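Input: a single structure, listed below in structure tokens.
The values are calculated or read from the model by the stated rules, or taken from the named source; none is laboratory data. All of these numbers come straight from a predicted model, not from anything done at the bench. No Cβ is skipped: glycine too gets one built from the backbone with ideal geometry, and neighbour counts run over all protein chains shown.
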Amino acid sequence: MPSDDEPDYGIRHVYPTPDEAMATIFTYGPVNSHESGGTTTAGDNNPELVSISSNQNTPPKHEPVHLDPEVIAAIYQNAQQQPDLDGAESDDEPEDPLLGINPNDEERPNTEDEEASQVEPEPFEIQTILDKMSTINLYDLDDMFRSYPNRTDGLNKFITDELTDVECSSLELTEERMENILDSLPVSHAALQTMYGEEEISQAISRYRRWVAEILDNIVLFFLAARARKNLPVDMTGSLLFILANATPDRRQRIVKVFTHSAIVSLSFQYACGQTDWGFDMFDNENNIDLQDPGAAGDCVTAYAAMAHGTNGKHYLYSGSATNTNPNLKQIGEELRMKQHADILKLGKDEVLRRRRAGVSNIFRVHESLVTAGMENSFFFPVARISVDVRDRKHMMAAVLIHLHESVTMILLGTASSDSVPRRGRAVQFMIQSNKLMKRLRPKDCPVPPWMGTNRVLPLLQIPKGVFNLLREGHRLAPKPELAKCLRDHFEQTKALFLPEQLCKEILQLNNRPSARPDVCTLRRFYAALLNEEGLTYTSDYETFLKERCVL
């Protein structure tokens, strides 16, 4: 990874560590220091209320933080010495000093949503941001972007003011990345024919897809209103970066396409959610996840739900996600998370309730609801599922999308807990923020949920580790000016059409870069791009050897 003191590399950002997510040393200023000045006046995200934006005063672009390498090293050392507060499995690979998180620790197993952070929540003016949402006309910004995609104002200004080129290229859902996820998915033509052949079914599914798109638009509006990472808690930095990187209308459409693909989200689920009136039994016919065989679906990342039909006439719904794709674990994704749930539920009602009362951190509110209702009246089912291969880098984008889908599902189904007395006082602030945010982001014409929610905190308020995995990969692949200059000098001096492996390692080591085989291949790709600019083609070592033999 590059050091933070390299010159002329654009804006630098120091990303938060999971164990010190609230540490102010990683921020650009007070988290509640919103920009002052005039704002635009427009309707909210409702076609009937849209008006023309005007008189917008743009806040000055923030200055990047420049930390001394010794300070970075001290922070890195301090982060490594933090105790494991969440029961997460430790890995031998050290934390990344630039991104500040363990490369193999994509998700914290056995942690409860509302208590994932072990420090006091960072206060921020969420209501101020919610109020600012109505001053941004997303439809006008979209029209401007479609007509003039290269303009430096509008959506592009929101994005370029806050994101570096590497952050944007690492996080955007391009057409290629979307197709990489969708190409291998099966499509049930019979189910699609049924959907389009039955007007009632077609209308319900269309309504569901409109709600998903509206929720995503509202999420984008929220982060556009927040505008800068300094206006949000550090925990939300990852969500801000990912949403802003995908704020343009074409990228939002791609996310909606993934979120409504029939091989990812079943048409039966889309039809059920698209009804104008919901019943507590509307998910009873969904294909359940077998806790006795949690790996039946194979390696996949999954947004899931848990339903409990209580004998007291109350019904409980929980929304979760399983996005851990750590290749060093025996199980990943859905299998890992369902195994964790199964192990807890095997303890039995009395033991689960006892541990819940004792404050054991991995016993969730949903576990209490499930064992109280009885497992014969409870079940887990997938909401969105994407098969992954951890050897293929596309699994990182799939994990991030599933994590975002969890937030969309929570907002749509209204699974926020109404329990006003959390186990720990510090969760109150998170709950208040989550409830305010979910209420504002939910479409107005969604049915009233007939169940009691058991989620405490919206994932948008938590650290999305998958986002930082994408950022780490982007930084690893991004060429630095010094590295590019070294390659350019080598070409000018030698006019060589290839790079021997030993020379690649020397160049990488000279620039303080890893010199493993993947890094050598990446460097050769950079050199090939340089040759293409000169109208030349990279020649492999073996091709060069054959040419030399022919000459001889």
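A few comments on the model shown:
Yes/no per residue for (1) among the hydroxyl-bearing types (Ser, Thr, Tyr); (2) surrounded by 22 or more Cβ atoms within 10 Å (Cβ to Cβ); (3) modelled with pLDDT of 95 or more:
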| position | (1), (2), (3) |
| --- | --- |
| GLY238 | no, yes, no |
| PHE259 | no, yes, yes |
| VAL301 | no, yes, yes |
| MET307 | no, yes, yes |
| ASN312 | no, no, no |
| TYR318 | yes, yes, yes |
| THR325 | yes, yes, no |
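Every residue, every condition in (1) at pLDDT 80 or above; (2) farther than 30 Å from THR276 by Cα, yes or no:
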| residue | (1), (2) |
| --- | --- |
| GLU122 | no, yes |
| ASP131 | yes, no |
| ASN180 | yes, yes |
| TYR196 | no, no |
| VAL212 | yes, no |
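- Counting residues in the range 209-226 that are buried (at least 19 other Cβ atoms within 10 Å of the Cβ), under 25 Å from ILE411 (Cα atoms) and among the basic types (Lys, Arg) gives zero.
- Enumerated helices (runs of 4 or more DSSP H) restricted to the range 151-258, each holding at least 3 residues that are within 29 Å of LEU477 (Cα to Cα): 155-162, 165-171, 175-182, 199-226, 237-245
- Residue check, ASN435 surrounded by 20 or more Cβ atoms within 10 Å (Cβ to Cβ) and polar (S, T, N, Q): no
- Every residue from the range 352-386 that is crowded, with 16+ Cβ neighbours inside 10 Å, small (Gly, Ala, Ser) and more than 24 Å from the chain's Cα centre (by Cα): SER369, ALA373, SER378
- Meets criteria (assigned to a helix (DSSP H, G or I) and either in contact with a Pro (Cβ under 8 Å, 6 or more places away or on another chain) or in contact (Cβ under 8 Å) with a residue 60 or more places away in the chain (or both)) for ARG472: yes
- Pairing residues of the range 198-224 that are among the polar types (S, T, N, Q) with residues that are in a helix (DSSP H, G or I), at Cβ distances under 8 Å and at least 6 apart in sequence or on separate chains, gives SER202/MET195; SER202/TYR196; ASN218/MET133; ASN218/ARG440; ASN218/LEU441.
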